[in-house]
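**Student:** A single structure is presented below for examination.
The values are calculated or read from the model by the stated rules, or taken from the named source; none is laboratory data. The model shown is predicted, which means the values in this text are computed figures rather than measured ones. Here the Cβ positions follow ideal geometry from the backbone for every residue, glycine too, while neighbour counts run over all protein chains shown. Keep in mind that these areas ignore ligands, DNA and RNA; they rest on the heavy atoms of the full protein, side chains included. Shrake-Rupley method; radii C 1.70, N 1.55, O 1.52, S 1.80 Å.
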Amino acid sequence: MIFVEPMLGLCNRIRVIDSVLALNHERKHRVWLLWLRDPDLNCRFDELFERPKGVDGVFDFAVASPTGRVLKYLLPRVLQNVISRAIHQHEMDRLLVNGFQFSDLLRLRSVYLRTWDRFYSGANPLSEFKPVPALRAIVDGYGLDGRH
């Protein structure tokens, strides 16, 4: 199982999720997304995107709520104790510089990734991201095909 907690703003989070989906493209693991609404991005995942193919579930909560503050503190600690490997941003920086083969993580039973970096690229970047219909209508209204 892969637990992924993308961090910071929307673009960083999209890159992290896309990395996980590319890494796990053969569906060797179930993928659970931990979407923490915080000052960097205070919007629910399901208000932005349809759940991407390859993501089994989204655990979405606001860190500013009383329950959210407890979950933000406890959840990473609990997951670290029940998974095979946890990689946080400081280690991710080091692994990226040293050319770590992230595909090696698929050999593990479970992984917890907490990062804001793209760490793996696939053949079809961002292909699994579909805005919810309401946002698609707004984007389509801008006529980005050159006919506005």
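**Student:** Of the options S103, G143, P125, report the single residue whose Cα projects farthest towards the positive end of the charge dipole of the range 91-148 (beta-carbon charges: Lys, Arg +1; Asp, Glu -1).
**Tutor:** S103
**Student:** Can you tell which of P6, P76, L48 lies farthest toward the positive end of the dipole of the chain, using +1 and -1 charges on the Cβ of basic and acidic side chains (Lys, Arg; Asp, Glu)?
**Tutor:** Checked the options; the winner is P76.
**Student:** Related question: Quick one: which residues, 5+ away or cross-chain, put their amide H under 5 Å from the amide H of L34? H built at 1.01 Å from N.
**Tutor:** Sorted by chain and number, the residues that satisfy this are V4, E5, F59.
**Student:** Please give me, ordered by residue number, the chymotrypsin sites (Phe, Trp or Tyr not before Pro) of the range 1-104 that lie in loop per DSSP and have at most 15 other Cβ atoms within 10 Å.
**Tutor:** On the way: sites: F3, W32, W35, F45, F49, F59, F61, Y73, F100, F102; in loops: F100.
Of the chymotrypsin sites (Phe, Trp or Tyr not before Pro), the ones in loops of the range 1-104 whose Cβ has at most 15 other Cβ atoms within 10 Å are F100.
**Student:** While we're on this one: Test of understanding: in a Gaussian network model of the chain with alpha carbons linked when under 10 Å, which of R37, R13, R136 would top the mean-square fluctuation ranking?
**Tutor:** Among R37, R13, R136, the largest mean-square fluctuation in the Gaussian network model of the chain belongs to R136.
**Student:** Within the accessible area of the chain, what % is carbon and sulfur when the probe is 1.4 Å and the other protein chains stay in place? Could you put the intermediate results ahead of the total?
**Tutor:** Details: 4730 of 8530 Å².
Carbon and sulfur atoms account for 55 percent of the accessible area of the chain.
**Student:** Continuing with this model, one more query. Note down the net charge around F61, summing +1 for each Lys or Arg and -1 for each Asp or Glu among other residues with Cβ under 13 Å from its Cβ. Could you put the intermediate results ahead of the total?
**Tutor:** On the way: positive: R37, R44, R69, K72; negative: E5, D38, D46, D60.
Taking every Cβ under 13 Å from that of F61, the sum is 0.
**Student:** If you don't mind, there's one more thing I want to ask. What is the distance, in nm, between label points placed 7 Å from the Cα along the Cα-to-Cβ direction at R136 and at L74?
**Tutor:** Each label point is offset 7 Å from its Cα along the Cβ direction, giving 3.8 nm.
**Student:** Using the Cα centre of the chain as the reference point, and only Cβ charges (+1 on K/R, -1 on D/E), how large is the resulting charge dipole? Debye, rounded to the nearest 20. Spell out each step's value before the answer.
**Tutor:** Working: 21 positive and 17 negative charges, 79 e Å.
Roughly 380 debye, rounded to the nearest 20.
**Student:** For an R0 of 25 angstrom, estimate the FRET efficiency from the Cβ-Cβ distance between N124 and D38 and round to the nearest 0.05.
**Tutor:** Details: r = 29 Å, r/R0 = 1.18.
Step by step, r from the Cβ atoms, then E = 0.25.
**Student:** Sort out for me the Cα centre separation of the range 3-45 from the range 63-79, rounded to whole Å.
**Tutor:** Result: 17 Å between the Cα centres.
**Student:** Could you tell me the largest-minus-smallest coordinate of the C-alpha atoms of the chain on each of the three principal axes, in descending order and whole angstroms?
**Tutor:** 51, 40, 26
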